[in-house]
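Below is one structure, written out as structure tokens; comments come after it.
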């Protein structure tokens, strides 16, 4: 089982690495010997965007797009492998199949000028035996010639042709060079870590980008066909993606911006900003230039399988020709360094909205990097202060994202958030009863509702059944007895006494508090005995983030699990090597104590366009991509996700290939399936464990977290032998009492 899981992880890594090729971003690199991007305004274009009509089942396999006059060709993987074409002048027409192969694969395509000036298509891929081939076809799919050649088992990422008809195949570590008849002439090995991209520009110039072996930064070089070598190496900014521009220029991508440059002259100009055309750099698959100077953008969300392929045709506008589109601007405030997913949601909304346009704005995190002498809690406090500063600006934002519902409490208590109840009451698509009430309680105050998290996860303690027993739940005494019997027990975070105290308090804090009166009892016998018992434990204080799986095989382990998908149980049990139990945090009577974790989107009360903010809020909640097997707040989506997990199985063939099947679609087992070990993404026992865990989930308020932080901070001195028990309890009593007195009115 472990072997199967490792194969699964490896395949996912390979898939993501391949699919993400050329889509990451790099910082600008200051160097005298490279192509740098100057500042300045991008050109202005009139944009026309449409869905290319490519169905979710027939996605392009690679970034190999070729434009010839009015036809856009691409490689498509359906049940077999196809070369398809889309006519740009006939937007309503479905893609045309040019050719199809039942055996083997097509990896890349390019266009070549034929002997009489006609357009010819060149293809490369693998035949039915796995041997590589290079072939030539007419535009209507008739084969002209096909050649096989030797390789090292590498896949072809790109195929291009220069003005002389020479063909170049880009692999990870080599570029293969062929003459006009498809005969291999030689190869050029990558001088760095690996090749990134390749592009042919008019004038018999072919350029490649690659990652430097030491810095991993992108480099640019020109391929010399005669002599099979590279020349003119120089560092470039951006991610290494290359396309052909006008008049022999080379197009380079840097995040959301496209630059046109002439490498020999090191002249660069800003061509366009993708954000101005409702696009993001991560969605871009190709930038193609027509003979008339139009720019054609092909965009597709590679890892979102129900995403359409969009084509955007840009015509350069004359000065003063374009005015604003009249849509109201909605500002979406986000904390965090990576806003890729949010930007993509804004793009999708902007494409369908005629009245509003959402603009993503990040909160600056300058100076808030986590240092060795600071805590994660301090970092969150600093982020919160940055958000407050931005929200108090004279022109506030319209929407705000929060990572977890505890952050919503911070904004709510200051009156920053808008009650969604009146908007939902007038909606034709949102019904409160369609969502899990437990999660809505986390984002509600009285009758007011401030957000609906799209999905959630559950915070629990878990471990091997052989070590913790099969029954979920335990009392504090049972938990501490287990630690006494297992002094070598480990957690990833480190089994410190402070950590043990936090675990004990997560399910029992209310035993020491009276929230209505604002009183607490941390000097009584119960709490004193708790500190005494924890202080007498032998614990492993080291964290085990780097060697966790080795620790699992040697020592008793207790893991804080954030369970967010129905497939977690299967994958964890595969790694643990035996069934696991969701034990939960200890409580007074032994009932499992688990916590929700979930973030979402809220409307700011200072929004100047609340109807537009709600339009996007509703779109975000309903249209946000759903990853298979996740826990969803929507009841129907939750049930469907659970069904999908129970329905899907996978297995490995003898040659290491992964096969999938759905139980609901599988007939009697065929002969070719004999001997395969089919593994379910979730079996009935695993499903029941997760549903039982859901029955004992509650909200962990920001107030509870703050009180636990106070207790842990003061108890740390006692555990270290710096303070005695009496002084420790007295200070905790004083500090928590003062905290409660300031909050006699609850946050909710």
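Just so it is clear, none of the values below were taken in a lab; they were calculated from the coordinates. From a predicted model like this one, the values you see are computed outputs, not experimental measurements. Please note: Cβ atoms are built from the backbone with ideal geometry, for glycine as well, and neighbour counts cover all protein chains shown.
Work out, step by step, the length gained on full extension between residue 543 and residue 113: first 0.36 nm times the residue separation, then minus their alpha carbon distance; give nm to one decimal.
Full extension from residue 543 to residue 113 adds 148.6 nm.
Could you compute the FRET efficiency for residue 145 and residue 49, with r as their C-beta to C-beta distance and R0 at 35 Å, rounded to 0.05?
0.35
When the chain is fully extended, how far beyond the present Cα-Cα distance does residue 290 get from residue 717, taking 0.36 nm per residue of separation?
146.6 nm
Between residue 97 and residue 216, what is the spin-label point distance in nm, taking each point 7 Å from the Cα along the Cα→C-beta axis?
Using points 7 Å along Cα→Cβ, the separation is 4.2 nm.
Rounded to the nearest 0.05, what FRET efficiency do residue 635 and residue 448 give with R0 = 22 Å and r taken as the Cβ-Cβ distance? Could you check?
Efficiency computed from Cβ-Cβ geometry: 0.55.
Quick one, can you get me the convex hull of the C-alpha atoms of the range 233-310 expressed as volume per residue in Å³?
Residue-normalised Cα hull volume stands at 96 Å³.
For residue 484 and residue 351, calculate 0.36 nm times their separation in residues minus their Cα-Cα distance, and state this gained length in nm to one decimal.
Full extension from residue 484 to residue 351 adds 41.8 nm.
Only residues of the range 404-429 count here: report those whose backbone N is under 19 Å from the spot 7 Å along Cα→Cβ of residue 611, or say none.
418-429
Just rank 565, 421, fewest to most, by other beta-carbon atoms within 10 angstrom. Intermediate results must be reported in sequence, preceding the final value.
Numbers: 565 20, 421 13.
Placing the least packed residue first, the sequence is 421, 565.
Once you order the gyration tensor axes a ≥ b ≥ c over the Cα atoms, which shape class does the range 584-698 get: rounded for a/c under 1.5, otherwise prolate or oblate by comparing a/b with b/c?
oblate
What order do you get for 154, 677, 107, 467 when you list them from fewest to most C-beta neighbours inside 10 Å? Display every interim value, and only then the final one.
On the way: 154 15, 677 11, 107 24, 467 18.
Arranged by neighbour count, lowest to highest, 154, 677, 107, 467 become 677, 154, 467, 107.
Over the range 25-316, how many percent of alpha carbon pairs lie in each 10 Å bin up to the one with the longest distance?
6, 29, 37, 24, 4, 0
Taking the simple approach of a point 7 Å from Cα along Cα-to-Cβ for both residue 266 and residue 659, what is their distance in nm?
A separation of 5.8 nm, rounded to one decimal place.
What's the FRET efficiency of residue 741 with residue 276 using the Cβ-Cβ distance as r and R₀ = 45 Å, to the nearest 0.05?
Efficiency, rounded to the nearest 0.05: 0.25.
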